[in-house]
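Working notes, beginning with the structure itself.
The values are calculated or read from the model by the stated rules, or taken from the named source; none is laboratory data. Computed from a predicted structure; not experimentally measured. Here the Cβ is made from the backbone with ideal geometry for all residues, glycine too, and neighbour counts use every protein chain on show. Side chains included, ligands, DNA and RNA excluded: accessible areas come from the protein's heavy atoms. Shrake-Rupley method; radii C 1.70, N 1.55, O 1.52, S 1.80 Å.
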Amino acid sequence: MFMVSALSLSFLGAEVGETYFMRTLNSVAIEDPGLVLVGESVDVDIDEPAVTIRWSILACGEGLVLPGSSGILGSKGCGLPVQPLQIFVDSQGTPTATYDPAQIPYNKDTGNRRNIENLVRFDSDHVLDVHSTRLYPFDRYLLSSSLRAATMNNETIRISRAITLRITSSFDIDTDDLESFVLAPVIRNQTNSTIAGNDTSGDAEVHLPSRDIDMHISRPPSAQFFTFLLFGASWILTHISVGLAVLARKRKDPQALLAYLLSSGLILVGIPQLRNGMPDAPGFDGILLDCIGFFPQMIITSICIALLLFTIVEREIDVIQGHTNENTLADFHSTQGPHHSTAGRSQCCRSSIISSFPKPPSATTIVSTGEHNPISEVRSWHFPPVSPPRPPRPVTRSTPTSPLSPLSPGGMLRKQQSAMAMAERFRLDEDIEMDLRRKVSAHKRAQTTSRITEEREVSRWSDHEDDSA
C-alpha cells in the first residue's frame with residue numbers, strides 16, 4: 001500500500017511551477033505591463049558553492065510583445081520583447097546578456113517566431129554563502145541579486161517583475177522581488193541629450209531603475225523526512241551489530257560466529273551507502289548529522305567487528321587446547337592401560353600390567369644375527385607371576401550393644417552391602433587379570449609365529465603349554 005500510494009502521489013504538483021508562471025505573467029500583462037525576467041531554472045550547488053539561474057527575457061502588455069511570439073509559458077499576453085535590450089546583473093560594467101529581436105527566426109509553416117534558447121535566455125552565476133551547511137538537513141541560504149535592463153543606446157528600462165522557480169528537486173526557493181534604483185552620473189552628448197538616462201535637469205547624477213531579488217533557499221519537507229529515515233536506519237543497523245557482538249560471547253558454534261561476522265561486515269559497508277543516499281547531502285565535511293550519526297556509527301560497528309574477530313580467535317584457541325588435552329589424555333590412557341574406578345579402589349593412576357613384561361627383540365635383529373633360536377628364546381622368557389586375589393576377610397559377629405550394632409537390622413544391611421561390594425571388586429579383579437593373561441598369550445603367540453615363519457621353522461603349541469607359560 002505504501003508503494004502504491006507513493007506512485008500515486010509522486011506526480012502531484014508537477015505543474016506547480018508552470019501554473020505559477022502563467023498566473024504571474026497574466027497579472028503583469030493586466031496590472032503592470034512591462035519587461036519581465038523569469039528564472040525558469042535554478043541550480044543550487046552547495047559543494048561549489050554557487051547558484052546558477054537561467055533567465056528568460058519576456059515582455060507583457062499590448063505593444064510591447066514581438067508579433068508572432070505571444071503565448072510563452074501559457075500566457076497569451078506575454079511574449080518576446082519588441083526592442084533590443086541589454087541586461088546587467090549585479091551592476092556589472094559589461095552586459096551579461098544581449099537581446100536582438102531582429103535575429104529571431106520565423107517558422108516557415110506557421111509564420112510565428114521561433115523560441116531559440118541562446119537568443120532569448122541567459123545564465124547568471126552567483127556566489128552562495130554556505131555557513132549554515134553544518135545544519136543539514138535544516139540548512140537555509142539567502143541569495144540577493146540586482147538586475148537592470150537598458151536599450152542599445154544605454155537608456156534604462158524599468159523591469160516590472162523578476163520571478164524564479166519555487167520548487168526544485170532538492171530545495172524550496174522563495175523569491176521576493178522589489179524595485180530599486182542605481183545612482184549613475186549623467187553623460188551628455190553634443191546635442192545635450194542624456195546618455196545614462198532621460199533626465200535633462202542639471203543634476204550630476206540620475207536614478208536608474210533596477211530590480212532586486214532575495215532568494216530564500218531551504219530543504220523541502222520530503223527531503224528532511226527521507227534524511228531522518230536513513231539516519232534512523234543507520235542507527236538501527238549499528239545497534240544490530242552491537243547485539244551480534246554481545247550474542248557472540250555466549251555462542252560456541254563457529255558457524256554462528258562466522259554468520260555474525262559477515263552480518264557486521266555488511267553493516268559496515270552499508271552505512272556509507274545510506275549516508276550517500278541522503279537527498280543532496282553535502283560531502284563528509286563534519287556536518288552535525290555526521291557528528292551524531294555517521295562517524296559514531298562507523299566507529300561502533302568497527303569495534304564490534306574487532307570484538308567478533310577476537311571472539312572467534314578465542315574460540316579457536318579453546319578448540320585447539322581441547323584437542324591437545326584430549327590427545328594428551330589418550331596418550332596417558334594408552335601408556336597406563338585399562339583401569340576401572342570402583343568403590344574402595346585407589347583413584348591414582350598406576351602403570352599397566354603389560355608394561356611390566358619384557359619387550360622382545362625385533363625379528364629383523366634375530367634374522368640378521370642368526371645367533372639365537374626363536375623357540376629357545378621364547379622358552380627363556382620370564383613372566384612375573386600374577387598375584388591371586390585376596391580372599392575376603394572373615395566376618396565376626398558381636399553381641400549387639402546398640403541399635404547400630406552388626407546384629408541390628410541397619411547393621412546387617414550395611415554388612416550385606418559391604419560384602420557385595422567386596423565380592424564385586426574381587427570379581428572385577430579376576431576378570432581383568434584373566435583378560436590380560438589372554439592378551440599376553442596372544443601377543444606371545446603372534447610374535448613367535450612371525451619369527452618362526454621367517455626362520456621357516458614349525459612350532460607346535462599346546463593349550464597346556466600356553467597355560468603353564
Size of electric dipole in region 201-250: Cβ of Lys, Arg +1 and of Asp, Glu -1, about Cα centre, debye, nearest 20: 900
Mind checking which of Pro101, Ser160, Ser144 is farthest towards the positive end of region 91-187's charge dipole, using Cβ charges of +1 (Lys, Arg) and -1 (Asp, Glu) about the Cα centre? Pro101
Viscosity 0.692 mPa s, temperature 37 °C: what is the translational diffusion coefficient of region 79-149 from Stokes-Einstein with a Kirkwood Rh over Cα pairs, rounded to a whole number of µm²/s? 215
To the nearest 10 Å², what's Arg140's accessible area with a 1.4 Å probe? 150
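For Ser132, what is the net charge nearby, where nearby means another residue's Cβ is under 14 Å from its Cβ and Lys, Arg count +1, Asp, Glu -1?
In short, 0.
Could you provide, to the nearest whole Å², the per residue accessible area of region 50-187 with probe 1.4 Å?
Normalised by residue count, the accessible surface of region 50-187 is 50 Å².
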Semi-axes, largest first, in whole Å: what does sqrt of 5 times each Cα gyration tensor eigenvalue give for region 219-297? 30, 11, 10
